[in-house]
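Peer 1: Handing you this structure, nothing more for now.
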Amino acid sequence: MTPSETNSAGGPAGQTERTTPSTAPSAGDAERHVPSPAWELLLPAASAPARARGRSLQAALREAVRSGRLTPGTRLPSSRDLAADLGVSRGLVTEAYEQLTAEGYLRSGRGAGTWVGDAVRAARPRARDLAPRSTDARADFVPGTPDVSLFPRAAWAAAQRGVLAELPHHELGYPDPRGLPRLRTALAELLARRRGVVADPERIVVVSGVAQATTLLGLVLYARGMREVGVEDPGSPQHDALYAAAGVTTLPLPLDDEGLAMGPLRESGVRSVVTTPAHQFPTGIAYSARRRTELLDWARSVEGFVLEDDYDGDFRYDRAPVGALQGLDPERVAYAGSVSKSLAPGLRLGWLLVPELLADEVVERKRTMDLGYPTLDQALFARFLERGDYDRQLRRCQRAYRERRDTLVAALEEHFPGAQVTGIAAGLHVIAALPERYGPQERFLARVAAAGVAVRPLTDYAHARAGDSGRPNVRLVLGYAHLSPARIRAGVRLMAEAVAGRGAAAAGR
């Protein structure tokens, strides 16, 4: 039966009349009503198991009103007639009508029948998905995305089964807002061993990624009277919105070859600054030992804090990773990290190690924000850490990402002679500076976009961009972790063909 063959009540066309929402039901309406011989939308509910039949009937009626299949003003059959049509007891239908009338989905008049209420607005037919998705580009070098196909499904599933079998019942209650002691202990051991932090489990807070850690810190700084925080320029564009949500303004501060430039920082008047010292995003430099010392001296002198985002500190390919800045002064550095680059961003799992001065305030903010991170996920990750699965995953990712970086560097050398890859051999992206003959940058970007290649210039991550679009030199931030070696080579070749004028023509065929 097609939609055009049914009336608004779900029965055959012409067999049931309805009033508009503004028309009051009358005795004449009752006389004109002819019960539908089959309310097809309710038949599945009527055939449900006996114990669930009442709830199923109510849910089916409720959804029919929400979806618009039963529109406002539609008159429903009498409870006796509908019960006969569906082959259920009259009491079941009466109870469903009464329940939905109490909820506002239906309305009834004494001796005048039951009608679909006016208050309900039909729901959208489906939920939209606002999750960020990769572009439709033929080659996508936009940075920041790991290879989620490397997610260790088998090991994760084994850890999940183990946790479900062994988790004490009481741990399914509201957790410590800092996180399960078991997980905080495992994280303290991991971070001390791999990143050189001073890791006290009592000062670790399990969070929903670095984004939540940033918001928590912003709220605490605001409560302490700090209305402005310094950020690296160029730097992550997400910091602005995250701190703004906490009422804190970001102040862009320039970099030099050693890290955050100290002169502008001292002159800025800020008392807290966000940094990525192990592998600065996006320039790819590592802060020098001297600059780390100067930065901590500054923090002590202003009684302020350094907020360390260790977003990819585990991935260094030419030597052992540089230890975290927090290890040098745990009372002046708040340290944040996550599994977004090592496992998957969708897990929304991270950690924040806070100075003692901020610990109580951060924990209280975390408690009022969400009452703690999900306990099952915490216990699962704790087991994953304890069994060595996370270390194995880090080694697997490191091998894969190192190969892909080497492939990208070799492809750039082949197709863009004279290109320079700057920054340390680390992380999930490189900075590629192309010779002047490939510029100006604006024309280069237009040509590669026309050929279906998604790239981001370094200028996209700068706070002050005036006059950058016409610069002769092309400096690109190229992400590679999410691409196979074959796709990396093909993507760089597409860029070269586009610049030579062949890619745009091929894309148009």
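The values are calculated or read from the model by the stated rules, or taken from the named source; none is laboratory data. Note that this is a predicted model, so its numbers are computed, not measured. Backbone-built Cβ (ideal geometry, glycine too); neighbour counts: all protein chains shown. When the accessible area is computed, the model is the full protein with side chains, heavy atoms only, and any ligands, DNA or RNA have been set aside. Shrake-Rupley method; radii C 1.70, N 1.55, O 1.52, S 1.80 Å.
Peer 1: Please verify whether residue 165 is touching a helix residue (DSSP H, G or I) at 6+ places or on another chain (Cβ under 8 Å) and under 18 Å from residue 383 (Cβ atoms), treating the condition exactly as stated.
Peer 2: no
Peer 1: Additional query: Tell me which residues, restricted to region 275-302, are within 30 Å of residue 478 (Cα to Cα) and of a type in the set (Gly, Ala, Ser).
Peer 2: 278, 284, 286, 288, 289
Peer 1: If you check 449, 426, which single one turns out to be under 28 Å from the mean Cα position of the chain (by Cα), of a type outside the set (Lys, Arg) and crowded, with 21+ Cβ neighbours inside 10 Å?
Peer 2: Just a single option satisfies the conditions, and that option is 426.
Peer 1: Of these, 432, 410, which one is in contact with a strand residue (DSSP E or B) (Cβ under 9 Å, 6 or more places away or on another chain) and either open to solvent by 10 Å² or more (accessible area, probe 1.4 Å) or small (Gly, Ala, Ser) (or both)?
Peer 2: The conditions single out 432.
Peer 1: How many residues are in contact (Cβ under 8 Å) with a residue 24 or more places away in the chain and not in a helix (DSSP H, G or I) if we restrict to region 73-98?
Peer 2: Residues flagged as in contact (Cβ under 8 Å) with a residue 24 or more places away in the chain and not in a helix (DSSP H, G or I) within region 73-98 amount to 8.
Peer 1: If you check residue 200 against the conditions, is it farther than 30 Å from residue 392 by Cβ and open to solvent by 10 Å² or more (accessible area, probe 1.4 Å)?
Peer 2: In short, no.
Peer 1: Right, next: For residues that are open to solvent by 80 Å² or more (accessible area, probe 1.4 Å) and assigned to a helix (DSSP H, G or I), scanning just region 370-394, find the one that is nearest to residue 213 (Cα to Cα).
Peer 2: 386
Peer 1: On to the next question. With respect to residue 152, is the statement that it is surrounded by 14 or more Cβ atoms within 10 Å (Cβ to Cβ), at pLDDT 90 or above and touching a helix residue (DSSP H, G or I) at 6+ places or on another chain (Cβ under 7 Å) true?
Peer 2: yes
Peer 1: Here is a further query. Just the residues that are within 29 Å of residue 186 (Cβ to Cβ) and either open to solvent by less than 20 Å² (accessible area, probe 1.4 Å) or in contact with a Lys or Arg (Cβ under 7 Å, 6 or more places away or on another chain) (or both), please, taken from region 395-407.
Peer 2: 397, 400, 401
Peer 1: In addition: What's the total number of residues in region 141-154 that are within 19 Å of the chain's Cα centre (by Cα) and at negative phi?
Peer 2: Residues flagged as within 19 Å of the chain's Cα centre (by Cα) and at negative phi within region 141-154 amount to 9.
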